[in-house]
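Step one of this worksheet: look at the structure below.
The values are calculated or read from the model by the stated rules, or taken from the named source; none is laboratory data. Keep in mind it's a predicted model, so treat the numbers as computed, not measured. Glycine also receives a Cβ, built like all others from the backbone with ideal geometry; neighbour counts cover every protein chain displayed. Ligands, DNA and RNA are stripped out before the accessible areas are found, and what is left, the full protein with its side chains, is counted by its heavy atoms. Shrake-Rupley method; radii C 1.70, N 1.55, O 1.52, S 1.80 Å.
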Amino acid sequence: MNVEVTLRAFRPADLESVLKIYPAAFPEEDLVPLVEDLAGGRDAQSFVAARENRIVGHVALTMCRLEGDGRECALLGPLAVHPEFMRQGVGSQLVRTGIDAMRQRNAAAVLVLGDPAYYGRFGFRAERTILAPYPLREEWADAWQSLWISDDRLRRPEPLVVPGPWADQSLWR
Ligand SMILES: CC(C)(COP(=O)(O)OP(=O)(O)OC[C@H]1O[C@@H](n2cnc3c(N)ncnc32)[C@H](O)[C@@H]1OP(=O)(O)O)[C@@H](O)C(=O)NCCC(=O)NCCS
């Protein structure tokens, strides 16, 4: 059953609460430095889900470029929902809010490295033409996905050029 939350743009005052969600949602991965970097920079647009003034979910979308034709694309992630609120529709609302914002911005596509079983439900499909900025593990080939907003898809493979916080190979291995 869906829990009622308010979706809104991230504000700097949300950072402390947002940073608490990540270790709870991802006990085996330290995404805090990345989330902090994205929050402190100008490349990402982020959204939070709030329930009675408590932040229960967060998603970031980082603006990137296609190397050849220079078009703007968005990289979705990290995405996290506090464990108490998982499987209640919060993650889906955050993903849809992020996609809508990228449509309004006229981004060519939204990219994600994540579980196809989850992202497939929003229309993401394995992406082979926009290349990840670093070589991915073979078993992650189908985890690199896109949702095209533009009808004008790439004809030849081109890498995604990512800004500072994402230019760290360890995030992609
Ligand atoms: C993954 C995550 C963001 C999903 O958010 P959420 O609010 O729990 O998800 P939703 O309630 O919107 O889920 C929508 C659907 O996806 C399914 N789903 C949830 N998490 C899933 C997962 N990891 N893999 C596949 N399907 C998943 C749900 O069962 C639900 O299906 P239903 O509508 O048929 O019941 C959240 O669980 C989270 O923060 N997890 C952290 C750890 C993790 O697994 N991260 C992987 C990110 S790729």
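Things to note:
- Given charges at beta-carbon only (K, R positive; D, E negative), |dipole| of the stretch 6-163 in Debye: 580 debye
- The angle between the Cα long axis of helix 90-104 and the main principal axis of the chain comes to about 50°, on a 0 to 90 degree scale.
- Annotation: for a label point projected 7 angstrom from Cα along Cα→Cβ of A126, residues of the stretch 144-173 with backbone N closer than 14 Å are 144-146.
- Angle in degrees between helix 15-25 and the longest Cα principal axis of the chain, rounded to the nearest 10: 80 degrees
- Over the stretch 6-163, Cα pairs under 8 Å with separation of 6+ residues give a relative contact order of 21 percent.
- The label point for R87 and the one for D115, both projected 7 Å from the Cα toward the Cβ, are 1.0 nm apart.
- Solvent-accessible area of the stretch 6-163 (1.4 angstrom probe, protein heavy atoms only): carbon and sulfur portion equals 45 percent.
- For q = 0.12, 0.17 Å⁻¹, Debye-computed log10 I/I(0) when each Cα of the stretch 6-163 counts as one equal scatterer: -0.50, -1.01
- Summed over the residues of the stretch 6-163 and divided among them, the accessible surface reaches 53 Å² per residue at a probe radius of 1.4 Å.
- Using just its DSSP H runs of length 4 or more, each adding -39500 (n - 2.57), the chain gives a mean residue ellipticity at 222 nm of -6500 deg cm²/dmol after division by all residues.
- Remark: spin-label model distance D168-Y134 equals 1.0 nm, labels positioned 7 Å along the Cα→Cβ axis.
- Comparing G91, G77, G120 in a Gaussian network model of the chain (Cα springs below 10 Å), the most mobile by mean-square fluctuation is G120.
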